[in-house]
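Here's the structure we're looking at; comments come further down.
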Amino acid sequence: MREEKKLRLADVSEATGIPATTLQRFESDENSRIGYQDVEVLTRFYKVSADYLFGLTDNRKYRDFEMDRLNLSDKAIEVLASRNLNNKLLSEVIAHSDFAELLAGLEVFLDGNLSENMGIVNMSYKLAIDTINKQTVTVGRDEYIATLKEASIDPDDYLRYRLSQRFDKLAKSLYGEHKKESQSEVNNGYINTLGEQVQKYQDVKDETNSAEQAKLAILADQLGVDLKKTSKDEKQSMLGFLSRSRFVKFIKRRK
């Protein structure tokens, strides 16, 4: 929250009276002990609940909220409270900029007024077609009649199509956001790990002047094995496995 507000530790310290070193300890050490006086000051400063500061809820606001203001039915509250749904995803859907448009379309569909109006227009088209057929003899394809027929639209089909379009747009947007986040996390984690291993390989090789020792150091690090307690035969077995690993192949390509 401090970083979101673009504040320095010194800024928060000056505003709250809490020493900057203490604030830094609160932020960096999750096992840090914190007094209730400091909790009270920080909740007022950041305008959040103490539960949020302690990680007991993801909601910064509305911790103590009158449910009546949400206008939810008892059944809806029971479903949400049961956690049988993915409430976090549901929150993303509701908060999405396209959700209001989707909900508005659903309201129009359920209201039925538009369907009735479209039905009246369709009846007008049908009346016009019947009148033309009675008053004229049509040879081949009549452009006016074809146009009137194409103008007639099934209200339910049209509205359901509009709803599916809007839901598809919202779903694709959420999918793109989740995919971007997950790929970024996976890719960054993989790249960081690979970079650390490459650096460690180089450091051990420079130190021992032995490629085998560097390989062993990498594998031991991955497996959590203490090389000092590993026998010579075990080290040879480890080298055999490592020779077939993707990491060694990567190192060879890098060379």
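Does Asn84 satisfy the condition of being outside any helix (DSSP H, G or I), under 30 Å from Tyr46 (Cβ atoms) and either at pLDDT 75 or above or outside the structural domain of Lys47 (by TED's automatic domain parsing) (or both)? Considered against the rule, which asks whether it is outside any helix (DSSP H, G or I), under 30 Å from Tyr46 (Cβ atoms) and either at pLDDT 75 or above or outside the structural domain of Lys47 (by TED's automatic domain parsing) (or both), Asn84 comes out as no. Checking each residue in the range 173-219 for being among the hydroxyl-bearing types (Ser, Thr, Tyr), over 29 Å from Gly240 (Cα atoms) and modelled with pLDDT of 80 or more picks out Ser173, Tyr175. Could you please find all residues in the range 194-233 being among the polar types (S, T, N, Q), surrounded by 12 or more Cβ atoms within 10 Å (Cβ to Cβ) and assigned to a helix (DSSP H, G or I)? The answer is Gln197, Gln202, Thr208, Gln213, Gln222. So, of the residues in the range 11-40 that are acidic (Asp, Glu) and assigned to a helix (DSSP H, G or I), which turns out to be nearest to Met1 (Cα to Cα)? Per the criteria, the residue is Glu27. Can you find a residue that is part of a helix (DSSP H, G or I) and of a type in the set (Val, Ile, Thr) anywhere in the range 141-159? Looking for residues that are part of a helix (DSSP H, G or I) and of a type in the set (Val, Ile, Thr), one finds at least one in the range 141-159, hence yes.
The values are calculated or read from the model by the stated rules, or taken from the named source; none is laboratory data. Being a predicted model, the structure only gives us computed values, none of them experimental. Glycine also receives a Cβ, built like all others from the backbone with ideal geometry; neighbour counts cover every protein chain displayed.
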